[in-house]
Amino acid sequence: MVAVLLTMLAACGASPAAPPAPAHNPTDVMFLQMSLEYVRQGELVVSPAAQGASDPRVRALAAEVRDQWRDEARTMQRWLTGWQQPPSADPDAGAHAGHGDLHSLRDADIGELAAARGAEFDRKAVSLLLGHLHNCVEVARMETAGGQYPPAKALAGQITAARQGQIRRLLTLAGPS
Amino acid sequence: MRRRITLPLLSVAAVGASLFVAVAPASAHGYISSPPSRQANCASGAVPNCGDIIYEPQSVEAPKGSMQCNGGGSRFAVLNDNSRNWPAASVGTSVTFNWVLTARHATSTWEYFIGGTRLASFNDGGAQPGATKSHTVSMGGFRGRQTVLARWNIADTANAFYACVDLNIGGGGSTPPPTTPPPTNPPTTPPTTPPPTQPPAGGTWQAGTAYASGNVVTYGGATYRCRQAHTALAGWEPPNVPALWERI
């Protein structure tokens, strides 16, 4: 559905002599920019949790996500630079106005996490991370469905698989122990 | 010159983003993670072959008022299938339900039912939920295997999010921890745990240090005042978290 609409949009602006197919499309750019923004926000949960969680399983999982995010972010930034695209979408462009920022981790969420101690800190970190990883998967699946640049689609598939595995583990940790 | 090339591309991306938000089926919101809802049991792999719900347990969204586990929509009918052998969590007669939220919608109410009986309703009066959301609900006279239907009613749309949780009530299992009632607001008092390190006045920010509200540190050549007592951890460097540090 998204892909169809994007194709239609692209067609509107196409000149009569069809140019060669671009190596990437707006969905690729959006995937990379949104993922980088999610990584930036998510760092505020995984880095502290990797150090400060009580449960060693939470610490290990947070460290794993953090390290994978950092690897993925390096690749994403390289592609965006190569395409002469900014690393983040223009916050004034309206793309994320209204609904979009509902999906973001808020400064107040980090404040709540910082106020929590012990098992309560772990519970909040797991819950925040679960919600955040679901949003990451959503953006990766958007790329799988509508992206064009093959390496970015491959990365999206890898991200979906890795995050789904981490979500399964987090759901186990979220249960009453 | 570069700016001229970049801006049109960016606006195409912006249009794409708006379309994505408007039409993507996975427009994501929330579900009960503990005790595990049916969609959580699908996402965790506890129940196999659930279909697309494993990628978006947070997306069981449908018009308000349904009593079905999938909200009566066309998607995720697997959640209504009682032949699926859903695991039932053993709980006491009072159960704490924990939600995972992927979008913090303004909320009218959270409702919990067994059969046609409404066990509880929590009115948020249009407020946005905080970092986490939990409700402790009495199971009334219900015992044994039961399915709780939870509805998260959104304040500014016609829709609700649905989650069914299978329980074995009073089954002798562990009761969800009532010892740590989740605060709905961040505590305003400093933690009772003693600070691991006393911050030197006006020193450089350092991970592992317990800062009290009002402490002043330097970081990256700037000076910050602590706004909320906390233990500093990697990632929470003062410029990163305005909730914790105010630049002065």
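The values are calculated or read from the model by the stated rules, or taken from the named source; none is laboratory data. It should be emphasised that the depicted structure is a prediction, and the values quoted were computed from it without experimental measurement. Here Cβ is always computed from backbone atoms with ideal geometry, including for glycine, and neighbour counts include all displayed protein chains. Just so you know, the surface numbers come from the protein's heavy atoms only, side chains and all, with ligands and any DNA or RNA stripped out. Shrake-Rupley method; radii C 1.70, N 1.55, O 1.52, S 1.80 Å.
Remarks
- Residues satisfying the stated conditions in segment A:132-164, i.e. more than 13 Å from A:Q68 (Cα to Cα) and open to solvent by 20 Å² or more (accessible area, probe 1.4 Å): A:E138, A:R141, A:T144, A:A145, A:Q148, A:Y149, A:P150, A:P151, A:K153, A:A154, A:G157
- Listed by first and then second residue, the pairs linking a residue in segment B:34-49 that is open to solvent by 10 Å² or more (accessible area, probe 1.4 Å) to a residue that is among the hydroxyl-bearing types (S, T, Y) and in a helix (DSSP H, G or I), with Cβ atoms under 8 Å apart and 6 or more places separating them unless they lie on different chains, are B:S44/A:T172.
- Within segment B:56-87, the set of residues being surrounded by 21 or more Cβ atoms within 10 Å (Cβ to Cβ) and in a helix (DSSP H, G or I) comprises B:P57, B:Q58, B:S59, B:L79.
- Matching residues in segment B:121-133 - criterion: being crowded, with 18+ Cβ neighbours inside 10 Å and in a strand (DSSP E or B): B:K133
- Exactly one residue out of A:T144, A:T75 is at pLDDT 95 or above and within 28 Å of B:A40 (Cβ to Cβ), and it is A:T144.
- Complete set of residues in segment A:49-64 that are part of a helix (DSSP H, G or I) and either more than 12 Å from chain B (Cβ to nearest Cβ) or surrounded by fewer than 22 Cβ atoms within 10 Å (Cβ to Cβ) (or both): A:Q51, A:P56, A:R57, A:V58, A:R59, A:A60, A:L61, A:A63, A:E64
- Checked against the criteria, A:A60 does not count as at pLDDT below 95 and not hydroxyl-bearing (S, T, Y).
- When we screen A:E120, A:E143, A:E112 for residues that are acidic (D, E) and free of Cβ contacts under 8 Å to residues at least 12 places away in the same chain, the only hit is A:E120.
- In segment A:101-116, the residues that are under 21 Å from the mean Cα position of the chain (by Cα), charged (D, E, K, R) and within 7 Å of another protein chain (Cβ to nearest Cβ): A:D107, A:D109
- Candidate set: segment B:11-45, residues that are modelled with pLDDT of 50 or more and farther than 18 Å from B:N98 by Cα; chosen: the one nearest to the other protein chains (Cβ to nearest Cβ): B:G45
- Filter result for B:R84 (over 22 Å from A:R106 (Cβ atoms) and out of contact with any Gly (no Cβ under 8 Å at 6 or more places or on another chain)): yes
- Extreme residue, most open to solvent (accessible area, probe 1.4 Å), among residues of segment B:88-102 that are in a loop (DSSP other than H, G, I, E, B) and hydroxyl-bearing (S, T, Y): B:T93
- Test result for B:T96, within 14 Å of chain A (Cβ to nearest Cβ), out of contact with any Phe, Trp or Tyr (no Cβ under 7 Å at 6 or more places or on another chain) and hydroxyl-bearing (S, T, Y): yes
- Taken over segment B:230-241, the criterion of being facing chain A (nearest Cβ under 8 Å) and part of a loop (DSSP other than H, G, I, E, B) is satisfied by B:L233, B:A234, B:G235, B:W236, B:V241.
- Test set (1) in a helix (DSSP H, G or I); (2) within 11 Å of chain B (Cβ to nearest Cβ); (3) at pLDDT 60 or above - A:M8 fails condition number: (3)
- Residues within segment B:103-120 that are open to solvent by less than 10 Å² (accessible area, probe 1.4 Å) and of a type in the set (A, V, I, L, M), tallied: 2
- Residue identified as more than 20 Å from A:H134 (Cα to Cα) and touching a residue at least 12 places away in the same chain (Cβ under 8 Å) among B:F97, B:F142: B:F142
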